[in-house]
1. With respect to the numbered conditions (1) facing another protein chain (nearest Cβ under 7 Å); (2) closer than 16 Å to A:ARG317 by Cβ; (3) of a type outside the set (Asp, Glu), which one is the sole condition not fulfilled by B:PRO305?
2. Take B:ASN121 and tell me if it is more than 19 Å from the chain's Cα centre (by Cα) and either at pLDDT below 75 or crowded, with 23+ Cβ neighbours inside 10 Å (or both).
3. For region B:70-84, give me the residue count where each residue is more than 16 Å from B:ARG365 (Cβ to Cβ), without any contact (Cβ under 8 Å) to a residue 60 or more places away in the chain and in a loop (DSSP other than H, G, I, E, B).
4. Considering region A:173-212 alone, what residues qualify as being among the small types (Gly, Ala, Ser) and surrounded by 23 or more Cβ atoms within 10 Å (Cβ to Cβ)?
5. Identify, by number, the condition in (1) over 20 Å from A:GLY68 (Cβ atoms); (2) modelled with pLDDT under 95 that A:ARG321 doesn't meet.
6. Mind checking which helices (runs of 4 or more DSSP H) fall wholly inside region A:96-208 and carry at least 2 residues that are farther than 21 Å from B:SER27 by Cα and small (Gly, Ala, Ser)?
7. Could you go through region B:23-42 and let me know if any residue there is touching a residue at least 12 places away in the same chain (Cβ under 8 Å), surrounded by fewer than 24 Cβ atoms within 10 Å (Cβ to Cβ) and either touching a Cys at 6+ places or on another chain (Cβ under 7 Å) or assigned to a helix (DSSP H, G or I) (or both).
8. Kindly provide the set of residues from region B:355-383 that are modelled with pLDDT under 75, outside any loop (DSSP other than H, G, I, E, B) and not polar (S, T, N, Q), ordered by number.
Amino acid sequence: MTTFSFRFAAEVGGAEDAVALPLVELKGLILAPGPCLPARLRARVSLGRMLLDDLLSRRLVVLTGKGGTGKSVVGTALALAACARGKRVLLVEIDAPLEASRYLGAAPVGGREAQIRPGLFAVNMDPAAVMDEYVRRVVRVDLLARRVLASPVYRRFFAAAPGLPELMVLGKIMVLEEQRAARFSSRPRYDLIVVDAPATGHGISFLKVPVAASQAVPVGPVGHNARRILSMLRDAERTALVLVAVPEEMAAVEAQELHRAAVDELGMEPAVLVLNQCHERRFRREEEAEILRLAAENADGRLVRGVGLRAALSAARRHLRRRKLTQFYQTRLRRAIPLPLVSLPYLFDEDLGPSSIERLAQRLEAA
Amino acid sequence: MKSTRGRGSRGLAAALAERRILVVCGSGGVGKTTTAAALALQAALEGRRVLACTIDPARRLATSLGLASLEGRPRRLDLSRLAARAPGALWAMTLDTRRTFDAIVEKHTSNEAARRRILENRFYRQVSSALAGSHEYMAMEKLLELSDDDRFDLVVLDTPPTRHALDFLEAPDRLTGFLDTSVLRWFLKPYFVAGRLTLKVATRTGAFAFELADRVLGLQFLQDLSEFFLAFEGMYEGFKQRAGKVHALLRGEDCGFVLVAGPARATLDEALYFYRQLREKEMPFVGLIVNRVHPDPLSDAGAVPRTPARIEAALARGLLRLMEDQARVARRERRGIARLEAEVSDPLILVPELDADVHDLRGLREVGELILGGRSPSRQTKDGLLKRRFAPQEN
């Protein structure tokens, strides 16, 4: 708790630009409450909480963004935050060579939903297996189903038919979303489903498939299901689209493109932009000036045994440049994308493990 | 250790000077697009006529070349600011799936009616531009076309993230597999084609297939698909031939694969997975790059003076904590890199993290020099190459 207040103080120290912005843009800032919190900022805390409350009250959270922005880490942290609120959560990955379960120290789960923590389930969907399952359900006679599944025509058709794998996976997600906990229960089987969608280029075509299919095939099961999927994705009460970026040029450009495509081409309204791997303020303003002055003077000396000041100063300047980039992209993205912006810190951990993800979840929760 | 790194860079430089196609692949966010553009620029500065082409629908190449957007056809870049008289030339383009598809139809259909039948097919209109997967087919077609274009003597191809890059490699095989088998014949059965739907299905097997297909996917879908396939009927032989050519092209001596990884555990693991796939498929491998490696400030300290630094104790503590944090990241990366190095039989090329974002030609040249220079990151920090002032550009 104390570390949080400390960190918060440091954040506020560097966030003058944010304070000057209108409230609607501030509601994305998730801040830790602490004794040092000025009264005028206290309102923001509840706004941050409201944002997460709102996000986790949906049934489906779809994460998308450029590759390498940490979508699966952010998704896992969101899932943990939902779990901490007592929700039953399913984390969905699609054909991922390495599963997010490893961040929580759990074994790979594969195509079958499995519990990896109390209340947290995971699945790594294989589109071909999902298609098989669909065929088995539609063709109720076991013998017939087996004949279909064994046929090379079916296999090759599925591998080559454009869009069919994506449609199958989205259909399966829709089925999971609609499932009840028990036969006559009104409680859903999963309160929240978090989907780690493929990286942008393919992420957007992944989500575009139901749009295309509903237009190309107006009647029949394919078109019918495509339309149902689409209405689920477009229903802001049920689905939240989360854009993930990092403070770098290409990721920022892609987040902007993605936002535009989501609104114009998918008819979806993204809920929040997560800026991951932010370098946070570590030095006070006077200290920063001192660092730059010492570096300009080429100052040297012994910091502690075996560590020279010169190496420390170049490390500090590296940090200051990254910090500047973080601030630059925070400002630019706030201006360019009309969404609440949530900043998550760059992790300096020895290994990205359960404690790292828990810390990120706490940052999201900010309680 | 240093000599192997030099070897990696030398191998890549040779490929850049000799091969005709360079395929740059790896998982998302590792700087693959930047690497592809940087390698293309290096080759151009060395005197080759190079085309940098991205099949990644996210269109990132334009950003790293400092251009707002790229069209579906090669656009020549102005290198005069980099070298007063550049001996080579550089073009850039992104793949426009729809336009490529249209062009193929235009080129390979025999008459106007057939052409119209395809271009106006409802399914085609959706498939050719919107659906995932068609990018890979079209990339394959485009690659073939570009490899025959004598304006360029090198094509550097940027690919989508790992799983999809594999899709790209498999696209030719998958397409021929599809065209080879009974799948098509099944689809071309008259009862799936509009207008003949009411025909009584003669055989029992036919009725069974019909019934099943309707329940699983719906007749309308299959009908559209059938008509789509039927419209292409005359073009199958051509498709198959070209797919075979690409298959040979990608495995030939003129082609080289460059694999790019990031220093994070997840991307190193994915790189290993992809490396094994490439080796298994016997693709000609020419370089393995680990991009954006962080320096370790604690091991990089050099000689430490005896006199204590004259700074405030609080600042000293802050600096030390920062160095420890950065050192932890460097250790994390070193462990992952060592693990990858133990698993592969090719030398690694380590490229240090730059302090500034790379998104213009000058930045790309620096990256290219770092890759082909193949020096160790710690030495480069002292070169001043990394000390370029950070100047964010508002777009």
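The values are calculated or read from the model by the stated rules, or taken from the named source; none is laboratory data. Note that this is a predicted model, so its numbers are computed, not measured. Cβ: placed from backbone, ideal geometry, glycine included. Neighbour counts: every protein chain shown.
1. The one condition B:PRO305 does not meet is (2).
2. yes
3. Result for region B:70-84: 4.
4. Listed by number, the residues that qualify are A:ALA197, A:ALA199, A:GLY201, A:GLY203, A:SER205, A:ALA212.
5. Result: A:ARG321 passes all but (1).
6. Those helices (runs of 4 or more DSSP H) span A:127-138, A:142-150, A:152-160.
7. No, region B:23-42 contains no residue that is touching a residue at least 12 places away in the same chain (Cβ under 8 Å), surrounded by fewer than 24 Cβ atoms within 10 Å (Cβ to Cβ) and either touching a Cys at 6+ places or on another chain (Cβ under 7 Å) or assigned to a helix (DSSP H, G or I) (or both).
8. Selection gives B:PRO377, B:ARG379, B:LYS382, B:ASP383.
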